[in-house]
Amino acid sequence: MQLPDISDVESAAERISGLAVLTPLLNFPVLDEATGARVFVKPESLQRTGSFKFRGAYNCISRIPESERANGVVACSSGNHAQGVAAAAKLLGIAATIVMPADAPPIKLARTRALGAEIVPYDRAKEDREAITRDLAERTGATLVHPFDNRFVIAGQGTVGLEMAEQALARGVTFDMAVTNAGGGGLTAGIALALEARMPACALYVTEPEGFDDQARSFETGTRQRNPKASGSICDALLSEMPGELTFAVNRSRVKGGYQVTDAEVLDAIGFAARELKLVVEPGGAAALAALLSGRFDARGKTVGIVISGGNVDPDILAEALRRDS
């Protein structure tokens, strides 16, 4: 098991340059006023396919040897990794098959199909998506592109953290803390490697949906912990079964802790982002912002980096979020 390191993240940055969007690092006076902090937002909702996932998918798939590309790629995802893999595979002329939960947001299913991928649906509550994905890979010879437990996927996601640090430092800013959203932990692991190298004094934290705090419990116990259920939150992008082997190995010594947020707090954050920041954010992408806005941690007087990891929100959820303050 080879763990990724900062050289992998730097290599990924070169590989995705000109293909992935160099998303900005934004500071909003209204957010600073609401939190008493100086907050810098990395909006990966503006990324290609609407989330950070394109970064890791392209970095991984582009490294597949030419001799193996005819067999295609297979992945499992609730939607964002699916779109990232589908888009990267399309750019590289490789067929993609994605194992997706039948209850995935319709917008994510539709966009994955529109990018040319074949979808294999499964029951999130009753079936094992990883077992289905492994079986497909074994039967077809396709390369499995894991959504988080893959060295090159983690390295690609780490370019988010690399950009955050470099953009902040270019403005003379150093984060006291950074907060990201965590499902399987791939984005967190990549950012952890980047910040350790570029901004070592920054403390990194994760945010998870209430009742799905496998990352935080794993950090506390020192062993990977499972979530007791597979569904039950609007944050579909963050409902992984447990931390990955690679991601936990990277994160356990680098992440300081975690926060939980309720669906109501997430909806409030989505509404705030739309009204005040003019950003469209999906539930899983809004978790860290929700932790900040709801006071799950005290940010007063601190300089904080926040990742908005995706913007592929179902229209009905966005409408509900906007109605909450109407």
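Quick notes on this one:
- Fully extending the segment from residue 103 to residue 173, taken as 0.36 nm per residue of separation minus the present Cα-Cα distance, adds 21.0 nm.
- For residue 19 and residue 135, the difference between the fully extended length at 0.36 nm per residue and the C-alpha to C-alpha distance is 38.6 nm.
- Exposure proxy shown here: for 52, 272, the number of other Cβ atoms within 10 Å sets the order, fewest to most, as 272, 52.
- Ordered from longest to shortest, the equivalent ellipsoid semi-axes for the range 5-116 are 30, 19, 10 Å, each the square root of 5 times a Cα gyration tensor eigenvalue.
- MRE, 222 nm, helices only [DSSP H, n ≥ 4, -39500 (n - 2.57), over the chain, to nearest 500]: -12500 deg cm²/dmol
- For the listed peptides 59-71, 85-97, a ranking on the average number of other beta carbons within 10 Å per residue, highest first, reads 85-97, 59-71.
- In this structure, the residue pairs whose Cα-Cα separation is over 32 Å, taken from 229/302; 90/302; 108/278; 229/278, are 229/302; 90/302; 229/278.
- Computed FRET value (nearest 0.05) for residue 27 with residue 68, which takes r as the C-beta separation and R₀ as 45 Å: 0.50
- Ordering of 199-207, 298-306 by packing is 199-207, 298-306, highest average first (other Cβ atoms within 10 Å, averaged per residue).
- Solvent-free Debye scattering, log10 I(q)/I(0), computed from the Cα coordinates of the chain at q = 0.10, 0.13 Å⁻¹: -0.50, -0.87
- Counting charges near residue 211 (Lys, Arg +1; Asp, Glu -1) among other residues having Cβ under 12 Å from its Cβ returns a value of -3.
- Among beta bridges that DSSP assigns inside the range 1-134, antiparallel share in %, nearest 5: 20 percent
- Taking every alpha-carbon pair in the range 94-162 and binning the separations at 10 Å intervals from zero gives 18, 42, 36, 4 percent.
- Charge context of residue 105, other residues only, Cβ under 12 angstrom, K/R +1, D/E -1: -3
- Fraction of beta bridges assigned by DSSP in the chain that are antiparallel (%, nearest 5): 10 percent
- Around residue 94: net Lys/Arg minus Asp/Glu count, Cβ-Cβ under 15 Å: 0
- Applying D = kT/(6 pi eta Rh) to the range 54-144, where Rh is the Kirkwood radius over alpha-carbon pairs, T corresponds to 10 °C and eta to 1.306 mPa s, the Stokes-Einstein value obtained is 124 µm²/s.
- Proportion of all alpha-carbon pairs of the range 172-282 beyond 25 Å (%): 24 percent
- Under-5 Å amide H pairs with residue 184, H placed in peptide plane, nonlocal only: 240
- Each part reduced to its alpha carbon centroid, the range 171-248 and the range 268-302 end up 17 Å apart.
- Annotation for the range 230-290: trypsin sites (Lys or Arg not before Pro) lying in DSSP loop with at most 10 further Cβ atoms inside 10 Å of their Cβ are 278.
FYI, it's all coordinate maths here, none of it is from the lab. Values in this document were obtained by computation on a predicted structure and should not be read as measured data. Positions of Cβ are generated from backbone atoms using ideal geometry, with glycine treated the same way; all protein chains shown enter the neighbour counts.
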